[in-house]
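Worksheet: one structure, shown below.
Every read-out reported here was derived from the displayed coordinates using simple, explicitly stated rules and does not represent laboratory data. Because the structure is a prediction, the values reported are computed rather than measured. Here Cβ is always computed from backbone atoms with ideal geometry, including for glycine, and neighbour counts include all displayed protein chains.
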Amino acid sequence: MTQKFLDKVYDARDADETRTLYDDWSASYDAEVSSQGYATPGRCADALARFMKDQTLPVLDFGCGTGLSGLALKLAGFATIDGVDLSEEMLAKARAKRLYRTLTVIEADAPLPVTPGDYAAIAAIGVIGAGAAPISVFDDLMKALAPGGFLVLSLNDHALQDRTNEARLCEWIDCGAARLLFRESGPHLPGINLNSNVYVLEKN
């Protein structure tokens, strides 16, 4: 099929342009990424499940989009999932899947409406990187966790080209603020030969 949006999604843009792109993409998103073998949601969910033993505790799916990440989390055994995203149109698709306890529209520059301890884990699957959220979001997500909370995230090949992205993770790990439990390279969108790293961190 024609890659209507994948050909331009990794271009730099501001938050409003990103919201517009994902609103426009919402109708065909699942079909387009699935046709390229979108593997990262399942890889992230399975990695988180290795370390978070009580899967009844709530998980925040940050940048949940149409809910493909929520579906992967459900299939991995997670029972209570809330989702947030910039795009109302994407959230409408997620709502139709009936996977989430709550779904909320957020603004790019607004504080995350989360108190540390609200969630045992936060997932940021395919969220940080070129054409999407900046690495400063990683700091916000870590601060939203209580000690002992988990963050699972991915950085695809485009995100890894900017060394500051993985370096930010290392800053948290090296200073002892977080512990790296898992890091693995693997397929992201194999149909277009794109890979990603999956990470699981525990906040100290």
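Tabulated values for the structure
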quantity: Vicinal HN-Hα couplings computed from phi for region 166-179 (Karplus, 6.51 cos²θ - 1.76 cosθ + 1.60; Hz; Gly/Pro x); calculated: 5, 4, 5, 4, 4, 4, 5, 6, 5, 8, x, 6, 8, 10
quantity: Selected from Arg19, Arg98, Arg179 as most flexible by GNM, with the chain as the system and alpha-carbon contacts under 10 Å; calculated: Arg98
quantity: Inverse of mean 1/r across different Cα pairs in region 15-203, Kirkwood, Å; calculated: 16.3
quantity: Cα lying deepest toward the dipole's positive end in region 15-203, options Val198, Ala108, Leu48, charges on Cβ; calculated: Leu48
quantity: Cα-based Lys pair tally, the chain, threshold under 19 Å, eight or more apart or on separate chains; calculated: 6
quantity: Peptides 196-203, 52-59 ordered by average Cβ neighbours within 10 Å, highest first; calculated: 196-203, 52-59
quantity: Region 15-203: antiparallel DSSP beta bridges as a percent of all, rounded to 5; calculated: 50
quantity: Amide H partners (placed H, <5 Å) of Gly126, local residues excluded; calculated: Ser154
quantity: Helix-only CD estimate at 222 nm, as mean residue ellipticity for the chain, using -39500 (n - 2.57) per DSSP H run (n ≥ 4); calculated: -10000 deg cm²/dmol
quantity: Selected from Leu189, Leu86, Leu75 as most flexible by GNM, with the chain as the system and alpha-carbon contacts under 10 Å; calculated: Leu75
quantity: Simple spin-label estimate for Leu181 and Glu88 in nanometres, 7 Å along Cα-Cβ; calculated: 3.7
quantity: Cβ-placed point charges (K, R +1; D, E -1), dipole of the chain about Cα centre in debye, nearest 20; calculated: 780
quantity: Inter-label distance for Asp139 and Asp23, nm, one decimal - labels placed 7 Å from Cα along Cα-to-Cβ; calculated: 2.9
